[in-house]
Amino acid sequence: MYSLGLIANLTVLFVNLWGLTLLAGWFWRNRWLAMAAGPWLFVTLIYAIENHHGLGRLQGSGLVATLIALGLIGLSASDWRPARLGEKTQVSLKLWREEFRPRRLAVCGAVLIGMFGYAFAWRLASPDVDGSSEKLADLAYICSYLPGTTIPVTDAWLHPYPSVQYYSFQHYAAALMGRMLGLSPGATYNIAVSILVGLAAFSFAGAVVMLARQLWVRVLLIAAFVVGGSGASGIVHLVYKDPALWNTVRFIGSIPYDKEPLGPIAKKYAEGYKHLELPGESFAYTAFLGDYHPPLSGYYLLGVGAMAAVLWSRTGQRRYAGMVGATLTWSILANTWTFPLQALWVVGWCAVNWRRWREICPAVIGGALLIWLAGWVYLSTFTAASVQYKTSLRLVPLDQHTPVLLFILFLLPTIGLTVLSFYTRKTLGLLVGAAGTFYLFLSEFFYMDDVYSGEFERFNTVLKWWPWIAAAMLLAAAPIVLEQAQRRWVRILGIFFCAYPCVFAFDLAKAWFRMEKPGLEHIEGTRFLTKSDPSKFMLARLKVETPGVVAERPNKDSYTNSACLPLFAGHRLWLGWVGHELLWHGYAADVAQRQDRLMQFFRGEMPDSANWLRAQGIDYVLWYQDADTNEIWAKLAEDLKGSFVWQEVFTAPDGRKSGLWRRADRMNPSSP
């Protein structure tokens, strides 16, 4: 039965995406762009409203939206022309139907469903939303938006402070989907990451379709993006005995180079330089990993911007240039790290078309400003909060440069396509080659100076920049090299540089077959919690409690399965992952002090603990972890008597208690 419900929800989701495509298509008359841009436009509209007034849980809105979408689908499939419409509107309706009839959308829809299915298959194979990576941190942002309060919302991991320190637009979009479909937090996460991966891949595919004419070229480029790795994808097998997927990502810095005969040679070469951690997570690796992380939006916006730019060059309509401009502000909202890269190509595109600057520049600026106005409340607080990071663009110190050979190997396909662009004997090829050279130069000689230092000084910069640059050059350079180069050897090498990263697909396949694949019934992402009786019964109990603020024994480290159980049950935490909250808040002293106070409380050493909990706005105290002993429980039970009510949830065979304290003045749960 759960599977039927999930399939029904997915059907409703895709019907609504179809409806958004038709709405966007009335203004942007291209099915690929409309399908990719529709979700951005709709989410931005609701986001603009909730910047001023939260709309709550949005119960029933999914049904209304589905009925509207079905009406639009029916209109696109029919020949009905309302007599009341004027002649101009009649013509527009006819042109709209010609582009968006169901049979015209069949290929686009199949590509989107296929890309979603690929991403969803990874989530079915590994559905746990756990502490193994950034999943729980991303879930916390989604949970911050799920109540539907006015933006900026309260941080679900640091009540009662606002969540303004992160570029979280895509997390808002996930929560909006969950609110409209009535999904649980975990199901919202897994479906959202699948649809975002699917839309990002679809967006890239749409841009490829516009830039490449031949089917085999399109298939090769889309495959290189969706399942391709870095230049280290094949080489890692020659220098490391048993490489895992992440070894390709961390080729520079984190693998031992222990396979004879090339491994020791590579190790000796690397030891001649300062040890640096310089990772690069390709789109394929990100899809496998399942983190709902902002780089996915960076790829997505790259494709949307490229499609809009191509369509402007074909039609000259300013609405397409406006869409290019909109991607700039969306980049700030969804993935600020790639905003400089997105802005650079947009500025370059405007410069190349300088003769038509009166048409293009106002439209680009107008599109960017319109999205800024839609999110100006959040952007104002976000930009103000970002000052505490003191992030700035700096020159890379001499001892922080990438070892030359490792730089070439890791970025080999990108460097290869960049160089080959100069040999195409085409003006566009020269421009693309110059852009690729500049991007590579920028990534090696400049970095964003953030909170990281030492061997991690450039960690975040290359992690976010290198994969985006690789995707951009694959999209921009490969069609020119493969289809327009006059020299045969250029085309052959171009095929190699596009096909070689696809060896990563074999590593992906191997990983897939090794996974457990527990099935659809675990799509809520809590399987790792339900393996233990205390956490399983605690989760069930919290789901029937009135949503509130929860305190549990903190873990001193991030990337642990802590500070998550209340999120899955729809509650907020007084303190989440300490390391992440410190990072997000510029290592503010009060965050660390929160951890100290919680530890003092859970040791039973907090004076007047009941009043302290009430003063902090804490509604529930959870007692289920290994360190939560009966001895400490007895002391806390005495301290909290009268102010908090103990609710026993589970008693282990050895007598260990698990349960929660609920504030005495809160309503009882709706069911036991």
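The values are calculated or read from the model by the stated rules, or taken from the named source; none is laboratory data. Being a predicted model, the structure only gives us computed values, none of them experimental. Because the Cβ atoms are built from the backbone with ideal geometry, glycine has one as well, and the counts that use them run over all protein chains shown. Remember, those area values only see protein heavy atoms, side chains included, never the ligands or the DNA or RNA. Shrake-Rupley method; radii C 1.70, N 1.55, O 1.52, S 1.80 Å.
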So which helices (runs of 4 or more DSSP H) stay within segment 24-118 end to end and still have 3 or more residues that are closer than 23 Å to Ser194 by Cα and under 23 Å from the mean Cα position of the chain (by Cα)? 31-50
For segment 483-500, the count of residues that are open to solvent by 10 Å² or more (accessible area, probe 1.4 Å) and in a helix (DSSP H, G or I) equals 12
Looking at this structure, is Thr21 open to solvent by 20 Å² or more (accessible area, probe 1.4 Å) and either in contact (Cβ under 8 Å) with a residue 60 or more places away in the chain or not in a loop (DSSP other than H, G, I, E, B) (or both)? no
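Restricting attention to segment 264-283, report how many residues are surrounded by 17 or more Cβ atoms within 10 Å (Cβ to Cβ) and over 23 Å from Leu398 (Cβ atoms).
Within segment 264-283, the subset surrounded by 17 or more Cβ atoms within 10 Å (Cβ to Cβ) is 266, 270, 276-283.
Imposing the further condition that a residue be over 23 Å from Leu398 (Cβ atoms) reduces the set to 281-283.
Residues meeting the conditions: 3.
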Out of (1) assigned to a helix (DSSP H, G or I); (2) free of Cβ contacts under 8 Å to residues at least 60 places away in the same chain, what's the single condition that is false for Ala207? (2)
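The rows are residues; the columns are (1) under 26 Å from the mean Cα position of the chain (by Cα); (2) of a type in the set (Ser, Thr, Tyr).
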| residue | (1), (2) |
| --- | --- |
| Pro413 | yes, no |
| Tyr423 | no, yes |
| Tyr447 | yes, yes |
| Val451 | yes, no |
| Phe456 | yes, no |
Residue set Thr651, Thr629; condition closer than 19 Å to Ser609 by Cβ, among the hydroxyl-bearing types (Ser, Thr, Tyr) and surrounded by 13 or more Cβ atoms within 10 Å (Cβ to Cβ); output residue Thr629
Please count how many residues of segment 151-171 are of a type outside the set (Ser, Thr, Tyr) and either open to solvent by less than 10 Å² (accessible area, probe 1.4 Å) or assigned to a helix (DSSP H, G or I) (or both). 10
Taking segment 607-654, which residues are of a type in the set (D, E, K, R) and in contact with a Gly (Cβ under 6 Å, 6 or more places away or on another chain)? Asp619, Lys635, Glu648
Mind checking which residues of segment 429-465 are among the hydroxyl-bearing types (Ser, Thr, Tyr) and open to solvent by 30 Å² or more (accessible area, probe 1.4 Å)? Thr437, Tyr452, Ser453
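One line per residue, one yes/no per condition, for (1) free of Cβ contacts under 8 Å to residues at least 40 places away in the same chain; (2) in contact with a strand residue (DSSP E or B) (Cβ under 8 Å, 6 or more places away or on another chain); (3) closer than 21 Å to Ala326 by Cβ:
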{"residue": "Ala363", "(1), (2), (3)": "no, no, yes"}
{"residue": "Tyr378", "(1), (2), (3)": "no, no, yes"}
{"residue": "Ser392", "(1), (2), (3)": "no, yes, no"}
{"residue": "Thr402", "(1), (2), (3)": "no, yes, no"}
{"residue": "Phe422", "(1), (2), (3)": "yes, no, no"}
{"residue": "Phe445", "(1), (2), (3)": "no, yes, no"}
{"residue": "Asn460", "(1), (2), (3)": "no, yes, no"}
{"residue": "Pro467", "(1), (2), (3)": "no, no, no"}
Considering segment 408-426 alone, what residues qualify as being open to solvent by 40 Å² or more (accessible area, probe 1.4 Å) and either touching a Cys at 6+ places or on another chain (Cβ under 9 Å) or at pLDDT below 95 (or both)? Arg425, Lys426
Restricting segment 609-626 to residues that are assigned to a helix (DSSP H, G or I) and in contact with a Leu (Cβ under 7 Å, 6 or more places away or on another chain), which is surrounded by the fewest Cβ atoms within 10 Å (Cβ to Cβ)? Ala610
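Results for (1) open to solvent by 40 Å² or more (accessible area, probe 1.4 Å); (2) under 20 Å from the mean Cα position of the chain (by Cα), shown as yes or no for each residue.
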{"site": "Ser194", "(1), (2)": "no, yes"}
{"site": "Phe202", "(1), (2)": "no, yes"}
{"site": "Val208", "(1), (2)": "no, no"}
{"site": "Ala212", "(1), (2)": "no, no"}
{"site": "Val219", "(1), (2)": "yes, no"}
{"site": "Val236", "(1), (2)": "no, no"}
{"site": "Asp242", "(1), (2)": "yes, no"}
{"site": "Ile252", "(1), (2)": "no, no"}
{"site": "Leu262", "(1), (2)": "yes, no"}
Pairs please, first residue from segment 232-260 and free of Cβ contacts under 8 Å to residues at least 24 places away in the same chain and aliphatic (A, V, I, L, M), second anywhere and in a loop (DSSP other than H, G, I, E, B) and buried (at least 17 other Cβ atoms within 10 Å of the Cβ), Cβ atoms under 8 Å, 6+ apart in sequence or on different chains. Val236/Pro243; Val236/Phe251; Val236/Ile255; Ile255/Tyr240; Ile255/Pro243
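Just name the residue that is farthest from Leu370 (Cα to Cα) out of those in segment 324-354 that are of a type in the set (Phe, Trp, Tyr) and open to solvent by 10 Å² or more (accessible area, probe 1.4 Å).
Trp354
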Among what's in segment 364-400 and is of a type in the set (Phe, Trp, Tyr) and open to solvent by 20 Å² or more (accessible area, probe 1.4 Å), pick the residue that is farthest from Ile46 (Cα to Cα). Tyr389
Tell me whether segment 539-556 contains one or more residues that are closer than 19 Å to Leu139 by Cβ, open to solvent by 40 Å² or more (accessible area, probe 1.4 Å) and of a type in the set (S, T, N, Q). yes
Inspect all residues belonging to segment 583-590 and state whether any of them is within 23 Å of Arg541 (Cβ to Cβ) and not small (Gly, Ala, Ser). no
